[in-house]
Structures are given as structure tokens and as C-alpha cells.
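K.L.:
Sharing a structure here in C-alpha cells format.
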Amino acid sequence: MLRDAATSGTPPVLEHDGAAALGVALRRLATTKRVLMIAAHPDDENTALLAELALGDGADVAYLSLTRGEGGQNLIGPELQEGLGLIRTEELLSARRLDGAHQFFTRAFDFGFSRSAEETFQHWPRDSILGDVVEVIRRYRPDIVVSVFSGTPADGHGHHQAAGILAREAFDAAADPARYPEHAARGLPPHRAHYLYQSHWRPPADPEFTVAAGNYDPLFGRSRYQIAMQSRSRHRSQDMGQAETAGPQSVALSLLAGDHPGRRAVTETGDGPAGSAGRAPGNVGPSLFAALDTTLSQRARTAGASAPILRLLELYEAGIHEAREAFNPLRPAETGRALVSLHQHLLRVAVTAELPALEFHLAEEIVRLEHAYRLAGGFVLDAVADTPFPVPGESFTLTISAWNGSPRISSTLDRLKPLLPSGWSYTALEDEPVGRRLAPGELLQRRFRVHVPEDAAPSEPYFLRQPRPGSLYAWAVDDTHRAAAFEPREVRAVAHIGFGAAVRPTWDAEFVTVDKSFGELRQPLLVVPAVSVTAEPGVAVIPAHDAARSRTYTVTVSSAAGTPVRGTAHLDAPAGWRVEPASVPLVLESRGASATALFQVTPPASAGAPPASTVAELRARFESDRGTFDRGYSVIDYPHIEPRALYRDATVRVTTFPVRIADNLRVGWIEGAGDDAGNALRQLGATVETLDAAALANADLSRYDAIITGIRAYEVRPDLIAHNDRLLAYARAGGTFVVQYNKYELVDDGGFMPFPATMSRPHGRITQPDAPVTLLDPDHPLLAGPNRITAADFDGWVQERGLYYLDTFDDRYTPLLAMQDPGEPVQHGALVAARVGDGWYVYTGLALFRQLPEGVPGAYRLLANLVSLGR
């Protein structure tokens, strides 16, 4: 599918094609309604309201998410933190391609669950995040701001509370020239939105405003609410799949600020005749936009425009109304002719320079109009590269296609060329088509050799290019991409096309392959370095009693270069560490080739001595004829989102601390939704075997000393549910069965735990990673050995203590830990153990999945005890 390059001035990129896309474009014309919705996270947005206003009402709508959702869990893969943020950012963009809204962000990093706004603002400097919200309001200039949250404890999550507070404060601050005066230097003057609403997830009994969202839409063959639920289902990393329910639906809102003429109203959103892109002329009751100027002519009249200007704008708006009413999806050329003739009215108004206050909305309308008549004219632009990964210092072939899809209208092509970053260059392999007539149905292609300069930066998101200070991303003051989801793709195509009026559409270049099973597959280009370097394991653990032994670490280099790369791999260590060999020569013969170097690393004799924990960093590098490389990247790619590259330094962080595990321990590992306790156990010396569906069904489980599940395994592993009885029987026969945190499926569906237990709603959790921990039974076998667990083992934890704790549980379970967040009840369900026959059953909601990748010693010591319990 072709994708229009997303820039701040263009209509949102939609997945809706053909007549539906043109119908939506027509609805967006001759209205200047603008709405900004504000909430805290991906999935907080009210997609029903976004879709209704954007697709049905033709309004310009945007969602501002304070965060990119980095602090949550990941149902679909192993990524956490920044990697999860990339997934959820792309999921938001994927959702917007359905519901028709734009997407913005602040610098706030999702540090995890918080219980109050006060706690949240300890992580997010309040004035800084408020400035970001104000900046987006001044950039987007909405008539209406919609807060999803109230800014009170009723919102639950502290991030939600903070989002509600900031929405209210920013509504007023954006209009105050004394607040954030530095915005003016970036061309962002103060802006006053007229109304501030709150949308309700749980409508009050008698809502002030109700927007109908379930009307059938002939453009799509279903309702905008159904599209909104499809949009919400794009949040797959958050298990947000929704039913696309047909029939009446509504969204309830309350007015928080603004002088609205009627505070209790029902806003209907009826459609015109079948096949029409128009709207029913009569709404029942005042709309959300009551008493506002929502057309160019209304805004011009308020600004004191002259009669000739008003007449031009009124003629334009009447013409657009006629074009919508006459829209025939089988004859788009007629719509195109009408739109081209109306274009002159707008241009005549634009050149008068009479109304500075109208410039913003007039420029937006011209862009929307040109987009609409390009769709009506059937002009299709495409750009295909012969590589998915351009490399600095190399060239690639780019083929740009211009297709006049109209069966009736000729067009004129004056330019067809690449649109590249500064410093890039290209050589055309065919002549420029100046004044070239493009007949109905004709396809024209031009090929180019695009040269990537040696100093070209990789395709790395702008907000990840600098180290993150605390819980705020680092944005450059002059960064033109501030608040955007991402910067534009590096390689695009542009055409100068005329069919009565000139337009200059741009499109992102893509790499195209054909899969025998799935057909054509497209992916955007990612600029990558010639060589990627990774060091494994990223986090290494050394038991203090075995610190003097050498260990093998792996450095892998991979080539994206089109010619052979020769060089030497190195692993640099701190003074006193011995690394053998000093270097390893490697040759990468072709693009896609990889080579591995193994290094024997011996810590100094002092590594196992007190203090209890020491940390050292090993740094890998590859010295080559193409330069020195010391970073690697992974491409995060799932079917419902576009791929992004996540870079990390090629380092091994080695943590040495006292930890023991039972000798010759054999562990069965049931993978869950993203954690990797299996590899952590391997580093401790256990033999770990992954149990797939066949093993759960048929393997002799008695050969394992312990079996442990990954997080949320009962949610993502139907084979685990099917064979849970075998695992309980394994425990009764003398095995140790450890279940890491699971959601409500574990206790609600019944029969999965050996004895009854419940979880509260919302679930029990400890959000403070440094919350005090009390050992309830220090001599219990799980806490007593092989590592004596003390309160010190809970030092240095990150983000949170844990989640989905048990609330009530049978007396046969022994609670082992007590902890509490400030001002909250004491939680006893973080870690419970029960004798089951001759064996053990253990449930833990502790967030080991966050601690193990960070090398937190106490988490490893506790994990070793969990699987050693039966020994």
C-alpha cells in the first residue's frame, strides 16, 4: 500500500483507499474544525470520538499522548523500555491510519505505574511537560481540547491524573503570552482554544454532551465506531483487541471550560444519501462546536474581511458543498474538475495578504484541497528502492513511478524526482519529464542512482539520539520534529503534476519483495551503518565463588555493505582483566554476512572479594577498512506496524556478586510473554530446556528438578492451559513448579492453581522499586538457601517491586514477603509457596522480568532459590 509522507501540514495518512479515501477528503473540505485530545499513554485515547470527528465530521483531529508507553508490559515480544516505546508509537500511528487523526507526544518517558499525580511529577518536571503540551496546542491550534482524564484520584493511574491536570493548565497557559515566550521564536504564537471537554469512559447517568458514534457510514460499509474498535485493536502489545460492534453507540462528554451556549445537548452525526460524502444538514441540539467559527468565511467575517474576500470564500464553500452532494464514486473525474475550478478561489484569497489571522487555516485548506483533487484525478505516485537498508558511502537505485489512473483526464508532469536530506545526491538515469503529457491510464517511470554520503546518520528516532536524562527524552531546542511521532523518512519521491491545477505530492520510498505465501510485501527504508556490532550476553552474571574462572563472550559483526569488509574484532576490558585473544581478524564477504569472534575473559583475582557486588563493562569494537564500529541495532518489526531500528552500544555489563544455585540443576522453561529467565538461569549454571507444546503434552517431566513459567504464560500459551494438570501432578510427585506473574486468567478460570486464590481489581502491586520489604518467614526453605535472602536483596531494584499479587489465598499457601507503597495497604501476595504432595508450588508477582535484564543481584539470588527449592 502506498503511503503519503507524513508531515505536519498534510492530511493524515489513511489505510482507506479509493472512493472511501476521496469521500473522507471531501468531508474535510470547507470546514476548519480542529480538535486536540490529551491523555497519558498509547491506548488511553477515545478512538470512537477521534474516528467520529475525523472521518465523519471532517474535522482535523489529533491525539497527544504524554508518553510512548515504555513502562508497560509487552504481550507480543521481548521488547521493554525504549524498544516497547517504539512498538507502541508505531501502534498509535497504525491506529491513526484507521481513525484519521494526527499523533503527537511530549518528552515524558513512561517510568511505570504511579499512584498519584504528585508521585508522577517527581519523575516528570511539571513545568517542562506542561511546556510541551502548550507547544503542541500552539502548533496545532485546536478550537477544542478534549481531556480524557479529570485530573483527580478518580483517574486511577498517577499518569492519568497528571494528564488531566496538565490538560486543564495548558488550556489556559497556551493563551498566555507570558507563559513559555520562547515558543514565539519557533513561530508558535499564543493560542486560545474555545472549549475544554472531558470525554468519559464510563458515562454519567445524564451526560452534558453525547456524540453519536455508531451510525452506518456508506463510505466504509460500517460505522465509524466499528472502525474505531479496529483502530483500538492495533494496540496489540497491550492485548487491546476489541469487537467491532454494529449499531448505536455514543460518546459522553462534559464541559470543563469555555462559554458554551448550551451545556446539555445531543449531537447527532447523520449522513447524507447513500453514496454521498456529505452530512445531514440538521443536528439535534447545539454541537460541540456551537457558537464557534468553523469555516473560512466565518473566520474571515470575524476578522473583518472585505466583501470581495467574503464572497470568494462563500462561493468556494458553496462549491464544495455541491461537489460533496454530487460525488459519484464511479465518476471521480467530475469531482476533480469541480475541485480544480474551486482552487482558484482560494489562491485569489491567499495572494491578497489581507488577513494574517486567516493564513494558518487557509494554508491548511489549500493542502487538503490539493490532496482531494489528486485523489479525484487518480494520480498515483510510487517509489521503490533496490535495497531496504541504504548504507553511508554507497549508492542504490530508486525507481519512481507516476501513474495517471484517471480514465478520462490527461495530466502534465513537470518533475519526478527524489526528495533527499541535505548532503545526499542523485544521478538521473532518464531525462526530466518537463511538460510531459501523461495520458489517461499512462504509467511513467524514472530511475535514479541515489548516493548516501559517508557521514549520513542512521535511521534512529530523533528522541533516542541523545542520552535520556531521567524520565525526559532529550529534544534539541531547534529540532523541527519536536512532538512528532518520528522524523520523516530519509528517502521520498516528489512529483510536480498538473491537471488544471498544480500539486506536489510526496511519497515515502519502500523496498518491495514478493513472498510466495503472502504476495507483495513492502517496508520503508532504514539507513544503517555498514557494520553492526553486538556483544553477548548484554548483561553477564558471575557468581562470586566462581569469579576466577574464565568465561567466553561473543562479539558478532554483521555487514550491510555492498562490498567486502575486512577488519579485526576487539573486546576491551578494564585494567586487571585478561582478554584472549587480543583481536580476531574477520572478513565479511557480502551484504548480509555475519562473523563471530569468541573471547576468553578472565576477571582479576579481586573480582570475587567483597564488596558484595561489583560491576565492570566490556566494550566491543570492529576496526575495519570502512572505519571503527562499536554499536549494533535490531530491527523491531511486527505485521501490524512499520519497522524501526533500535541501537545499543556493543557492551557486556558484568556483575559479580555472591549467588549459588543447586548443583547439576535441570530446569524446564515455559516461555511466556517476553521475559528471559531461562537465559538468566543458564548464566547461574543450571541446565535449562525449553518446553514447547509437544514437551508439555508428552515429555517425562520428572527429569526436571524445577519447571518455571515466563510471565503471562497462561495468557499466551493455550498448551500450558491444556496441560496444566500434568504440571500440578509433576509437583505432587516431588517437583517444583514456579509460576511467575500472570493476569486474572490464573485465578478466574479456575483449576490452574492447586488451591484457591484471588486477585483484587485493580490488581495488587507495589510501584515503588525501593519500597521496604519484610521477610515473613526468613527460615522458610525458599528464603534460607542456597542463598540466604535478606532485605538487602531488594536493594537496587528498578521501576517496580511487582504486580498482579495475590489478594486472598488458601491457608495452605505460605506468604513469604510483606511490602507496601506509601499510604497503601500492606501486600502479602508477592511471593507464596505451598507444599503440594511431595513437591512445591510457588507463585510470585515480583517483577523479576524487569530486574534480570538490569543485572540486579538480589533478583538473581531469589531466582536461584526458586528453582532450587526442591533440592
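The values are calculated or read from the model by the stated rules, or taken from the named source; none is laboratory data. In this text the structure is predicted, and so the values were computed from the model without any measurement. Note that we place each Cβ from the backbone using ideal geometry, even for glycine, and neighbour counts take in every protein chain shown. Keep in mind that these areas ignore ligands, DNA and RNA; they rest on the heavy atoms of the full protein, side chains included. Shrake-Rupley method; radii C 1.70, N 1.55, O 1.52, S 1.80 Å.
K.L.:
When only residues in region 188-223 that are of a type in the set (D, E) and open to solvent by less than 60 Å² (accessible area, probe 1.4 Å) count, which is nearest to the chain's Cα centre (by Cα)? Let's see the steps before the verdict.
P.N.:
Keep residues of region 188-223 that are of a type in the set (D, E), which gives 206, 208, 217.
Cutting the leftovers down to open to solvent by less than 60 Å² (accessible area, probe 1.4 Å) gives us 208, 217.
Working: E208: 33, D217: 29 Å.
Ranking the candidates gives D217 first.
K.L.:
Further, regarding this structure: Among the numbered criteria (1) within 35 Å of the chain's Cα centre (by Cα); (2) assigned to a strand (DSSP E or B); (3) buried (at least 22 other Cβ atoms within 10 Å of the Cβ), which single criterion is violated by R374?
P.N.:
Going through (1) within 35 Å of the chain's Cα centre (by Cα); (2) assigned to a strand (DSSP E or B); (3) buried (at least 22 other Cβ atoms within 10 Å of the Cβ) one by one, R374 breaks only (2).
K.L.:
Can you name the residue in region 35-76 that is on the phi > 0 side of the Ramachandran plot and open to solvent by less than 10 Å² (accessible area, probe 1.4 Å) and, of all such residues, is nearest to the chain's Cα centre (by Cα)?
P.N.:
To start, the set of residues in region 35-76 that are on the phi > 0 side of the Ramachandran plot comprises 43, 58, 69.
Then drop every residue that is not open to solvent by less than 10 Å² (accessible area, probe 1.4 Å), which leaves 58, 69.
Working: G58: 26, G69: 7 Å.
The residue in question is G69.
K.L.:
Across region 725-745, which residue is modelled with the lowest pLDDT among those that are out of contact with any Leu (no Cβ under 9 Å at 6 or more places or on another chain) and part of a helix (DSSP H, G or I)?
P.N.:
E745
K.L.:
Go through (1) under 27 Å from E394 (Cβ atoms); (2) open to solvent by 30 Å² or more (accessible area, probe 1.4 Å); (3) in a loop (DSSP other than H, G, I, E, B) and name the single condition Q523 misses.
P.N.:
Evaluating Q523 over (1) under 27 Å from E394 (Cβ atoms); (2) open to solvent by 30 Å² or more (accessible area, probe 1.4 Å); (3) in a loop (DSSP other than H, G, I, E, B) leaves (3) as the failure.
K.L.:
I'm trying to understand the selection: among the residues of region 331-358, which are without any contact (Cβ under 8 Å) to a residue 24 or more places away in the chain and touching a helix residue (DSSP H, G or I) at 6+ places or on another chain (Cβ under 8 Å)?
P.N.:
If the condition is that a residue be without any contact (Cβ under 8 Å) to a residue 24 or more places away in the chain and touching a helix residue (DSSP H, G or I) at 6+ places or on another chain (Cβ under 8 Å), then E334, A338, L347, A350 are the ones that fit.
K.L.:
Can you tell me how many residues in region 77-113 are under 16 Å from G241 (Cα atoms), polar (S, T, N, Q) and buried (at least 24 other Cβ atoms within 10 Å of the Cβ)?
P.N.:
Residues flagged as under 16 Å from G241 (Cα atoms), polar (S, T, N, Q) and buried (at least 24 other Cβ atoms within 10 Å of the Cβ) within region 77-113 amount to 0.
K.L.:
Take V13 and decide whether it is closer than 10 Å to A101 by Cα, of a type outside the set (S, T, Y) and assigned to a loop (DSSP other than H, G, I, E, B). Before you say what the answer is, go through the steps one by one.
P.N.:
Working: closer than 10 Å to A101 by Cα: yes; of a type outside the set (S, T, Y): yes; assigned to a loop (DSSP other than H, G, I, E, B): yes.
The answer is yes for V13.
K.L.:
Take the residues in region 743-781 that are among the basic types (K, R) and buried (at least 18 other Cβ atoms within 10 Å of the Cβ), then tell me which one is farthest from H159 (Cα to Cα). Explain how you work it out, then say what you get.
P.N.:
Quick first cut of region 743-781, residues among the basic types (K, R) only: 743, 761, 765.
Narrowing further to those that are buried (at least 18 other Cβ atoms within 10 Å of the Cβ): 743, 765.
Values: K743: 21, R765: 16 Å.
Ranking the qualifying residues of region 743-781, first place goes to K743.
K.L.:
Could you check region 589-604 and list, in sequence order, the residues that are outside any strand (DSSP E or B) and open to solvent by less than 80 Å² (accessible area, probe 1.4 Å)? Steps first, answer last, please.
P.N.:
Step one: of region 589-604, the residues outside any strand (DSSP E or B) are 589-593, 603-604.
Of everything in region 589-604, those that are outside any strand (DSSP E or B) and open to solvent by less than 80 Å² (accessible area, probe 1.4 Å) turn out to be S590, G592, A593, P603, P604.
K.L.:
When region 438-466 is examined, which residues are found to be open to solvent by 80 Å² or more (accessible area, probe 1.4 Å), farther than 16 Å from F389 by Cα and either within 33 Å of the chain's Cα centre (by Cα) or modelled with pLDDT under 95 (or both)?
P.N.:
Going through region 438-466, the residues open to solvent by 80 Å² or more (accessible area, probe 1.4 Å) turn out to be 443, 445, 447, 449, 454-455, 465-466.
Restricting the remaining residues to those that are farther than 16 Å from F389 by Cα gives 443, 445, 447, 465-466.
R465, Q466 - these are the residues of region 438-466 that are open to solvent by 80 Å² or more (accessible area, probe 1.4 Å), farther than 16 Å from F389 by Cα and either within 33 Å of the chain's Cα centre (by Cα) or modelled with pLDDT under 95 (or both).
K.L.:
Can we say V856 is out of contact with any Leu (no Cβ under 6 Å at 6 or more places or on another chain), touching a residue at least 60 places away in the same chain (Cβ under 8 Å) and more than 12 Å from V541 (Cα to Cα)?
P.N.:
Values: out of contact with any Leu (no Cβ under 6 Å at 6 or more places or on another chain): yes; touching a residue at least 60 places away in the same chain (Cβ under 8 Å): yes; more than 12 Å from V541 (Cα to Cα): no.
Judged against the criteria, V856 is not a match.
K.L.:
Given the options V579, V555, V533, name the one that is outside any loop (DSSP other than H, G, I, E, B), open to solvent by less than 40 Å² (accessible area, probe 1.4 Å) and free of Cβ contacts under 8 Å to residues at least 60 places away in the same chain.
P.N.:
The match here is V579.
K.L.:
Looking only at region 410-437, which residues are open to solvent by less than 50 Å² (accessible area, probe 1.4 Å) and free of Cβ contacts under 8 Å to residues at least 40 places away in the same chain? Lay out the reasoning, then the answer.
P.N.:
Let us first name the residues in region 410-437 that are open to solvent by less than 50 Å² (accessible area, probe 1.4 Å), namely 410-411, 413, 416, 418, 420-421, 424, 428, 433, 435.
Of everything in region 410-437, those that are open to solvent by less than 50 Å² (accessible area, probe 1.4 Å) and free of Cβ contacts under 8 Å to residues at least 40 places away in the same chain turn out to be A428, P433, G435.
K.L.:
Mind listing whichever residues of region 387-430 are of a type in the set (K, R) and touching a Leu at 6+ places or on another chain (Cβ under 9 Å)? Break it down stepwise before answering.
P.N.:
Just the residues of region 387-430 that are of a type in the set (K, R), to begin with: 408, 415, 417.
Correct list: empty.
K.L.:
I'd like to check something: does region 408-423 contain any residue that is more than 39 Å from the chain's Cα centre (by Cα) and in a helix (DSSP H, G or I)? Steps first, please.
P.N.:
The first filter runs over region 408-423 and keeps only residues more than 39 Å from the chain's Cα centre (by Cα), leaving 408-412.
Going one step further and asking which of them are in a helix (DSSP H, G or I), we end up with none.
Within region 408-423, not a single residue is more than 39 Å from the chain's Cα centre (by Cα) and in a helix (DSSP H, G or I).
Per-residue answers, yes or no, for (1) surrounded by fewer than 16 Cβ atoms within 10 Å (Cβ to Cβ); (2) free of Cβ contacts under 8 Å to residues at least 40 places away in the same chain; (3) in contact with a Gly (Cβ under 9 Å, 6 or more places away or on another chain); (4) among the acidic types (D, E):
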site	(1), (2), (3), (4)
L684	no, no, no, no
A693	yes, yes, no, no
N698	yes, yes, no, no
L701	no, yes, yes, no
A713	no, no, yes, no
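K.L.:
Here's another thing I want to ask about it. Run A722 past the list (1) farther than 22 Å from W840 by Cβ; (2) open to solvent by less than 40 Å² (accessible area, probe 1.4 Å) and report the number of the one that doesn't hold.
P.N.:
(2)
K.L.:
Confirm whether A476 is out of contact with any strand residue (DSSP E or B) (no Cβ under 6 Å at 6 or more places or on another chain), surrounded by 19 or more Cβ atoms within 10 Å (Cβ to Cβ) and either over 18 Å from V380 (Cβ atoms) or of a type outside the set (S, T, N, Q) (or both).
P.N.:
Working: out of contact with any strand residue (DSSP E or B) (no Cβ under 6 Å at 6 or more places or on another chain): yes; surrounded by 19 or more Cβ atoms within 10 Å (Cβ to Cβ): no; either over 18 Å from V380 (Cβ atoms) or of a type outside the set (S, T, N, Q) (or both): yes.
Against the criterion (out of contact with any strand residue (DSSP E or B) (no Cβ under 6 Å at 6 or more places or on another chain), surrounded by 19 or more Cβ atoms within 10 Å (Cβ to Cβ) and either over 18 Å from V380 (Cβ atoms) or of a type outside the set (S, T, N, Q) (or both)), A476 does not qualify.
K.L.:
Which one is most open to solvent (accessible area, probe 1.4 Å) among residues in region 479-520 that are closer than 30 Å to P440 by Cα and part of a loop (DSSP other than H, G, I, E, B)? Please lay out each step first, then the result.
P.N.:
Step one: of region 479-520, the residues closer than 30 Å to P440 by Cα are 491-514, 519-520.
Okay, now just the ones that are also part of a loop (DSSP other than H, G, I, E, B), so 491, 499-501, 504-505, 509.
Working: V491: 6, F499: 27, G500: 68, A501: 10, R504: 164, P505: 13, A509: 1 Å².
The extreme case among them is R504.
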